[in-house]
Every structure is written in C-alpha cells, then in structure tokens.
Amino acid sequence: EALQVLKGLGVPEVYDSGEAEYDSTNYFYSVLEYVEGIQVEKNLASLTASERIEILTQFFHLLAEAHQRGIVNGDIALKHLFWYQDKKQLVVVDWGSAKVGVDPQQKTEFADDLARAAAIIFSLVTRNEYPVPMKSFALPDESGLYPELPKLPIEFRNICFWAPRTAPESAPYHTALELFEASKRWDGT
C-alpha cells in the first residue's frame, strides 16, 4: 500500500499484488519493479560530492512525502538506497515494514525514521563512510567530511547529534520536510 501511495517518488513500481494459496497456506504477494541501480552502501567510494548531495536531497524529498502522507518506513537503511547514475535518480526499496495511516501531526511516530536517516547522512558526508554501531552519529569537523562538499546544513548536524537515541527535549527536532528544505538550500536548487 505504501508503494502505491508513493508511486513516482523514488520507490519501486508495483506491477501486481494479490493472494495465492500454496500447500494449503494463503500468501500475499507483490510483483515489483526490478531495481538495477547501484546499491549506495556498496558503492560509496565511487560517488562524487554532487551525487552525494543529490542522493540526500532525493532521499529527504521521498521521506518528507511519505511522512506527510502518513507513512512511516520503519526500516530506513543505507542498504535500501539504489542510485541510477545515468538518470541521477534515487530509488528506495524495502517498504515491507511500512506503517500506513499514521497521523502526520504525531512527530513521535516518525522519530525512528529520522534517527535512522542520521546514519545515511553520516555515511554520505564523512570520510569514514558507513559507521559501525555507535552511541552517536555526531558529525566530525570539516576535515572529517567528504572533500568538495559545501558546508553542511545545521539541520543535518542537529539530527546526527542526537541520533540514534531519541531526541532529547532540548534538541532541535527537524521533520523530514525541514531536512528536505535544508537539502535543497545545500544543493542550491
């Protein structure tokens, strides 16, 4: 259901879905578009600075749209991002844990998606690439960032500071839409 609501926004297309019986058990199935782009997680070293910026901008656009439409992904991870270099298009796969029908005003429902997004930001903007599990994804100073990136939006630094923990009451809370807006300013679009 989430994929159909987000059709055309950087998710695989749903060709068919239904139920089928196999060995006296009913199964739900979906036939999805095969995504041929490069898996971002396995190709970080080959991404240019402009591609990293574009991936984050498209990612936060999709996440903002999902959240505004009441969809929580529930499994945001770098391994689910695929990049078509020739088309400069991001596709986010694996929406199997998605929760649909969430009140967009309930910020706490979306906090886990945003905390997980911090690992994606960290991976794409630092020289360290994908972090090992740690207590914080706080971003290093400029010398630890990927070369040629413009100065990072403060919103990126804020979310990476508190993630993967729950945002403390004193921390600035940013929605996916605010992160998308920050990405657009950062990208110059």
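Output ³J(HN,Hα) for the stretch 62-77: one whole-Hz value per residue in order, computed from phi by the Karplus curve 6.51 cos²θ - 1.76 cosθ + 1.60 with θ = phi - 60°, and x for Gly and Pro.
Those phi angles translate into 4, 5, 5, 4, 4, 5, 5, 9, x, 10, 9, 5, x, 8, 5, 7 Hz.
Whole-Hz ³J(HN,Hα) for each residue in the stretch 137-151, computed from phi via Karplus 6.51 cos²θ - 1.76 cosθ + 1.60 with θ = phi - 60°, x for glycine and proline: what do you get?
With the stated coefficients, the stretch 137-151 comes to 10, 3, 6, x, 5, 3, 5, x, 8, 4, x, 6, 7, x, 3 Hz.
Relative contact order for the stretch 1-156: what is it in percent, counting Cα pairs under 8 Å that are at least 6 residues apart? Walk me through the numbers on the way to the answer.
Numbers: 208 pairs, mean separation 33.4, N = 156.
Here the relative contact order equals 21 percent.
Could you work out how far helix 176-187 tilts from the main Cα principal axis of the chain, as a 0 to 90 degree angle to the nearest 10?
That helix lies at roughly 50 degrees to the long axis.
Of 121, 159, 38, which has the largest mean-square fluctuation in a 10 Å C-alpha GNM of the chain?
38
Grab the DSSP H runs of the chain that are 4 residues or longer, score each as -39,500 (n - 2.57), total them, divide by all residues and round the 222 nm result to the nearest 500 deg cm²/dmol. Show your work: numbers first, answer last.
Details: 5 runs with 64 residues, N = 189.
Dividing the helical sum by the residues of the chain leaves -10500 deg cm²/dmol.
May I ask you to list the lysines whose Cα is less than 30 Å away from that of residue 7, ignoring any residue fewer than eight positions away on the same chain?
In chain and number order, the partners are 42, 79, 87, 88, 99, 107, 184.
Give me the percent of accessible area attributable to carbon and sulfur for the chain, probe 1.4 angstrom.
Carbon and sulfur: 49 percent of the exposed surface of the chain.
The values are calculated or read from the model by the stated rules, or taken from the named source; none is laboratory data. Since the model is a prediction, treat every value here as computed from it, not as a measurement. Only protein heavy atoms, including side chains, enter the accessible area calculation; ligands, DNA and RNA are left aside. Shrake-Rupley method; radii C 1.70, N 1.55, O 1.52, S 1.80 Å.
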